[in-house]
Amino acid sequence: MRKPVMAANWKMHKTVSQAADFTRDFVNRLDEIKNQDCEVIICPPFIALSTLAELLEGSNVYLGAQNMHWEDEGAYTGEISPGMLSQVGCRCVILGHSERRQYFQEKDEDVNRKVLTAFRYNLTPIVCVGEVLEERKAKNTEQVIRRQVEKGLGGLTAAQVHELVVAYEPVWAIGTGHTSSPEDAQQVNTFIRKVLEEMFGKNAAGAVRIQYGGSVKPGNAADLMSQQDIDGALVGGASLDAASFASIVEAAG
Ligand code: 13P
């Protein structure tokens, strides 16, 4: 059984004090959810990581980052290294988000370097893949996803793949309110698992948790989560409010 993983990606939102207020409120709400059997992750902006690490101590919420550099350290002004993340208490890191690909020209090759580095630092990568609207309309979704998975995850060992999280985030569904239907998302997640199986074998592919992301809300989370190959959610806008994210977590069961 794959344990669902529900992650908040705050993107460039919340000051440190707003992040702290959210976290106190959210941890209290989480305590009230019964029989919750999923992993919960919050990925705030870098600047809030250490404050949240303290506030989350003793809770069962993990801390994640939204990006990192692939080098151990060096002259890369403005960048954050994997060692900095793990030292501050991060367990995971979002890599290859479509906003990084779109606005910061990240390529599959960059994502791959980051994924390989993350494993060296015991950071679980949450690797994002997804097609843009034109690609979907042209029926190229599978071709795009295959390329992103094959290039982004090349060179991993089967043991590493067991730990991996992949997030399928159709770009046309991000921040638009247009969620993929649960059936369409399930279909793509199944395809991602098939490509992983070709690359790393059935066991490893069966263990990978594959999230869905893109306009996940309290009202649609349960339907999405009921699909067999949807093992969690990566939530943007609806994770900025503690009550809303808690209710999405509750939907994971
Ligand atoms: P929204 O939930 O705001 O659509 O964002 C999804 C996302 O990009 C999470 O990484």
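The values are calculated or read from the model by the stated rules, or taken from the named source; none is laboratory data. Bear in mind the structure is a predicted one, so any value in this text is a computation, not a measurement. With ideal geometry, Cβ positions are generated from the backbone for all residues, glycine too; neighbour counts draw on all protein chains shown. Surface areas here come from the heavy atoms of the whole protein model, side chains and all, with no ligands, DNA or RNA. Shrake-Rupley method; radii C 1.70, N 1.55, O 1.52, S 1.80 Å.
Overall, the accessible surface of region 4-114 at a probe of 1.4 angstrom is composed of carbon and sulfur to the extent of 47 percent. Taken per residue, the accessible surface of the chain reaches 46 Å², heavy atoms only and a 1.4 Å probe. Taking label positions 7 Å along the Cα-Cβ direction at both ASP72 and ALA243, the computed distance is 4.9 nm, reported to one decimal.
Considering only GLY155, VAL249, TYR168, and ranking their Cα positions along the charge dipole of the chain that arises from unit charges at the beta-carbon of Lys, Arg, Asp and Glu, the one farthest toward the positive end is GLY155. Only helices enter the 222 nm calculation for the chain: every DSSP H run of n ≥ 4 contributes -39,500 (n - 2.57), and dividing by all residues gives -13000 deg cm²/dmol, rounded to 500. Averaging Cα coordinates gives a centre for region 1-60 and one for region 154-227; these two points are 21 Å apart. Our coupling estimate for region 114-125, obtained by passing each phi through the Karplus curve with A = 6.51, B = -1.76, C = 1.60 and θ = phi - 60°, is 5, 5, 4, 5, 4, 5, 5, 9, 6, 9, 7, x Hz, Gly and Pro reported as x.
A protection proxy built from the mean count of other Cβ atoms within 10 Å ranks the segments 44-50, 131-137, 6-12, 207-213, most packed first, as 207-213, 6-12, 44-50, 131-137. One chain, two ends: LYS107 and ARG120. Fully extended at 0.36 nm per residue, the span grows by 2.6 nm beyond their Cα-Cα distance. Taking 0.36 nm per residue of separation and subtracting the current Cα-Cα distance, fully stretching the chain between ASP184 and GLN87 would add 31.0 nm. Accessible area per residue (1.4 Å probe, heavy atoms of protein chains only) ranks TYR103, TYR121 as TYR103, TYR121, with the largest value leading.
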